[in-house]
Amino acid sequence: MEFQLTDEQRHLRDEVRKFADEEIRPVATEYDVDEKYPHEVMEKAAEMGLLAPHVPVEYGGVGYSSVENAILTEELFAADPGIGLCVSSAGFGAEALMEFGTEEQKERVLPEVTAGDAVMGSAISEPQAGSDVTSVETRAEKDGDEWVINGSKMWITNGTVADYFVVVCETDPEIDDRYSGYSQILVEGDRDGLTRDKITGKLGIRASDTAELRFDDVRVPEENLIGQRGMGFLQLMQFFDETRTAVAAQGVGIARGAAERALEYAEEREQFDRPISDFQAIKHKLAEMHTNTEAARWLTYRSAWAVDNEAADLTALASMAKEFASRVAVDVADEAVQVHGGAGFVNDHDVERLYRDAKITQIYEGTTEIQKNIIARELLDEGL
């Protein structure tokens, strides 16, 4: 059993940490306050090869493993979750093309994304369909050699900036099987009938673009169908273990960022003529914050290893990692604000932003409650 990173993985960690410290942290508050997408940072991230690095080399990516992506994600989110999500989500939906797409789809889309010339989005959630993906009502109907799409999608990451969307649609409503009848379709962002409205006023991750999408007779060619018709839901389920592991890495990054800032502040802040780090109450907080962060990191690495090795217990591990790391992120960020006291309640200090950003990790890619249901299902071997 190996408990250390390889030389290549340590180099990756150090390079991404340097990038995050130099290019993300200095501008994080600005993009958070203005709720704007960090185009300039994205250009620099593309030069670093950080956009969709899991894409194979033949399509312009680096071909990173899930473990390496977890390392990369932690570093980005420790600097700033909002911009970190922009970087890590540039290839949302690429997995569907990589696994089920045609060669033409891969060659047309993936190199643009890895080069920073295009951004992708994964359009699944709807106003009435969040945790229950089988409640999707967006409909795609065949009309000659085209698909005609009608419906709406909500909470879509990269919604107003994406050039391509992988859209989950109902294509075969007559099928009685709850898990069949859905398909994934590639939709270009400039198609007529597609309306995108930016969602503002979010609690956190404000640099990341989020939008509502509306499809009004949006037409795309039949060759934009990804994989087999009617198998979209089952295709989608194959990637949740991977994406939930990625969210666990996000949680680890937030927790580490908050814990490090709390430690630094505790050593500098003085009360009663001595640093507050001298007080046992603060020492205990710092100890618990760093211990829980370390525990979350290794559970996340275990899940990432399971993704790379297609382990039999992957689904349970991914949900365990996502649930635990997101809980640790929220708890550690909360304690970091407490260590800062009143100073942590304003955005003069990063912990205020990390505190707000942490909560989303307990919601997207499956809520905490859904993760617990999955873990219990796997333990009891109940199946879908």
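Residue-by-condition table, conditions (1) within 30 Å of G144 (Cβ to Cβ); (2) modelled with pLDDT of 95 or more; (3) of a type in the set (V, I, T); (4) under 24 Å from the mean Cα position of the chain (by Cα):
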{"site": "Q238", "(1), (2), (3), (4)": "no, no, no, yes"}
{"site": "R244", "(1), (2), (3), (4)": "no, yes, no, yes"}
{"site": "A255", "(1), (2), (3), (4)": "no, yes, no, yes"}
{"site": "A259", "(1), (2), (3), (4)": "no, yes, no, yes"}
{"site": "E268", "(1), (2), (3), (4)": "no, yes, no, no"}
{"site": "I276", "(1), (2), (3), (4)": "no, yes, yes, no"}
{"site": "I282", "(1), (2), (3), (4)": "no, yes, yes, no"}
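For the structure I just gave you, tell me whether M154 is aliphatic (A, V, I, L, M), modelled with pLDDT of 95 or more and either assigned to a loop (DSSP other than H, G, I, E, B) or under 16 Å from G61 (Cα atoms) (or both). Considered against the rule, which asks whether it is aliphatic (A, V, I, L, M), modelled with pLDDT of 95 or more and either assigned to a loop (DSSP other than H, G, I, E, B) or under 16 Å from G61 (Cα atoms) (or both), M154 comes out as no. The residue that is least open to solvent (accessible area, probe 1.4 Å), among those in region 185-227 that are assigned to a strand (DSSP E or B) and among the hydroxyl-bearing types (S, T, Y), is T210.
If we keep just the residues of region 9-38 that are charged (D, E, K, R) and not in a helix (DSSP H, G or I), which is surrounded by the most Cβ atoms within 10 Å (Cβ to Cβ)?
Taking region 9-38 as the starting set, the residues that turn out to be charged (D, E, K, R) are 10, 13-15, 17-18, 21-23, 25, 30, 32, 34-36.
Still in the running and not in a helix (DSSP H, G or I): 35-36.
Numbers: E35: 18, K36: 12.
Only one residue fits best here, namely E35.
Among all positions in region 344-362, there is no residue which is of a type in the set (S, T, N, Q) and over 17 Å from I254 (Cβ atoms). Count of region 323-374 residues, restricted to those that are touching a Leu at 6+ places or on another chain (Cβ under 6 Å) and of a type in the set (D, E), is 0.
Do we find a residue being exposed (fewer than 13 other Cβ atoms within 10 Å of the Cβ), in contact (Cβ under 8 Å) with a residue 24 or more places away in the chain and farther than 30 Å from E43 by Cβ anywhere in region 159-173? Yes.
Residue count for region 35-54 under the criterion of being touching a residue at least 60 places away in the same chain (Cβ under 8 Å) and more than 16 Å from L12 (Cβ to Cβ): the result is 7. Count of region 47-77 residues, restricted to those that are part of a helix (DSSP H, G or I), of a type in the set (A, V, I, L, M) and buried (at least 19 other Cβ atoms within 10 Å of the Cβ), is 5.
Filtering region 295-334 to residues that are in contact with an Asp or Glu (Cβ under 8 Å, 6 or more places away or on another chain), surrounded by fewer than 24 Cβ atoms within 10 Å (Cβ to Cβ), part of a helix (DSSP H, G or I) and not aliphatic (A, V, I, L, M) leaves R297, T315.
Filtered by the rule that a residue be touching a residue at least 60 places away in the same chain (Cβ under 8 Å) and in contact with a Lys or Arg (Cβ under 8 Å, 6 or more places away or on another chain), region 85-117 gives a lone residue, L97. Summed over region 136-155, residues that are open to solvent by 40 Å² or more (accessible area, probe 1.4 Å) and on the phi > 0 side of the Ramachandran plot total 2. Take G82 and tell me if it is out of contact with any strand residue (DSSP E or B) (no Cβ under 6 Å at 6 or more places or on another chain) and in a loop (DSSP other than H, G, I, E, B). For G82, the condition - out of contact with any strand residue (DSSP E or B) (no Cβ under 6 Å at 6 or more places or on another chain) and in a loop (DSSP other than H, G, I, E, B) - is not met.
Being open to solvent by 50 Å² or more (accessible area, probe 1.4 Å), of a type outside the set (D, E) and touching a residue at least 60 places away in the same chain (Cβ under 8 Å) is the filter; apply it to region 371-384 and report the residue that is nearest to A123 (Cα to Cα). Step through it out loud before you land on a result.
Kept after step one, since they are open to solvent by 50 Å² or more (accessible area, probe 1.4 Å), are these residues of region 371-384: 372-373, 377-382, 384.
The next check asks that each one be of a type outside the set (D, E); those that pass are 372-373, 377, 379-380, 384.
Then keep just the ones that are touching a residue at least 60 places away in the same chain (Cβ under 8 Å); that gives 379, 384.
Values: L379: 31, L384: 23 Å.
Here the answer is L384.
The set of residues in region 335-364 being open to solvent by 60 Å² or more (accessible area, probe 1.4 Å) and assigned to a helix (DSSP H, G or I) consists of Q338, G342, F345, Y355, K359.
Of the residues making up region 78-135, those that are open to solvent by 30 Å² or more (accessible area, probe 1.4 Å), among the acidic types (D, E) and farther than 19 Å from L234 by Cβ number 5.
Being over 30 Å from N69 (Cα atoms), open to solvent by 10 Å² or more (accessible area, probe 1.4 Å) and part of a loop (DSSP other than H, G, I, E, B) is the filter here, so list the residues in region 228-281 that pass it. If the condition is that a residue be over 30 Å from N69 (Cα atoms), open to solvent by 10 Å² or more (accessible area, probe 1.4 Å) and part of a loop (DSSP other than H, G, I, E, B), then R229, R269, F272, D273, F279 are the ones that fit.
The values are calculated or read from the model by the stated rules, or taken from the named source; none is laboratory data. All values reported here derive from a predicted model rather than from experimental measurement. Positions of Cβ are backbone-derived with ideal geometry, glycine not excepted, and every protein chain shown enters the neighbour counts. With ligands, DNA and RNA removed, areas are computed over all heavy atoms of the protein, side chains included. Shrake-Rupley method; radii C 1.70, N 1.55, O 1.52, S 1.80 Å.
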